[in-house]
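This report refers to the structure that appears directly beneath it.
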Amino acid sequence: MKRTTALITAAVMALCMTACGDNTDKPAKEDSSSASAAAQEEKGTTLSDEEILKKAIGCAKVGYNAVAEYLADMETQGRISEATEQEALDLALKELEGYCDINGTVGVRFDEMDDNGFFNFTVQFRSADKPEIVGQYPDPAQTPEDSPAWNVNAEGECSASETAGTSGGNGGSFGDEISDLLTGGYTSKSKLKSANGNAKTGYNAVAEYLADLETQGKLSTATEEEAAEFAARELGYNDSTGIVGVTFDGDLTESPDFHVLWRENENSGIIGRYPDPPQSPDEQIDWDAAAEMSCYETYYNDDED
């Protein structure tokens, strides 16, 4: 159940590369493509394969957060069985508007539902310029040569946003790279979506931890500290830093209710939660975690062992 992450960015040559199918006006289009390429080089915006992969992974992560929120909403409404890959894709594409600065294709695939009733799913993104380089979340490739196969059940075209393209795509976390271009409200909303998505990832990890103990007949031995460690490790595998918090809501042997929180740091005013995620940055919730853990430290300490 590994999850991973990444970043986002820009390429304008894609339209020129794909526009060469008609031989009747090929010379004119080649001239246009050459001019575009020259303009790109003058601006210093020609991307390496590694940069394209970073951007593709970032777009996939943004799409993943949107799909996670969609599934969480459907689950809250008791309609998770009605969730479709096409609806998930539509929301991913909408979220990428004004954010992703590289032309390409977004794809969504629902994997099988696990024993706890949670959807496992994957979002992929491939650039129009180099479709062989596939960004994926979770489990992103570490190098362009290790790009996964394109394997989706619903896909749609994503055009680069001119606004996002001016950001340079420096590879920050979800929403950070456009914080200097967009209003504070939009950035805060984006960060809240990311925080809620991280809380949901932590929630799934805790649910798996509790399910394993229940199978062993040891549910009564579960602790919030161990649950927080499981959640932090899972988020660390996803390259997510920040702090995750866990609280058991009552006696687990009687009612296995719990909630998970996530925030970027101790001073962050944006807190993600699952279940019952906040819908607006203005909806302030308390950090009421009974146990908390640093995602970065847990991941790397575990890795060193």
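The values are calculated or read from the model by the stated rules, or taken from the named source; none is laboratory data. Just so you know, these numbers come straight off a predicted model, no measurement behind them. Positions of Cβ are backbone-derived with ideal geometry, glycine not excepted, and every protein chain shown enters the neighbour counts.
Assorted remarks:
- Wholly enclosed helices (runs of 4 or more DSSP H) of the range 1-115 bearing at least 3 residues in contact with a helix residue (DSSP H, G or I) (Cβ under 8 Å, 6 or more places away or on another chain) and either modelled with pLDDT of 75 or more or charged (D, E, K, R) (or both): 49-76, 85-96
Yes or no, residue by residue, for (1) at pLDDT below 85; (2) part of a helix (DSSP H, G or I); (3) assigned by the TED database to the domain that holds TYR99:
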{"site": "ALA199", "(1), (2), (3)": "no, yes, no"}
{"site": "LEU210", "(1), (2), (3)": "no, yes, no"}
{"site": "GLU214", "(1), (2), (3)": "no, yes, no"}
{"site": "ALA228", "(1), (2), (3)": "no, yes, no"}
{"site": "THR253", "(1), (2), (3)": "yes, no, no"}
{"site": "PRO256", "(1), (2), (3)": "yes, no, no"}
{"site": "ASP288", "(1), (2), (3)": "no, no, no"}
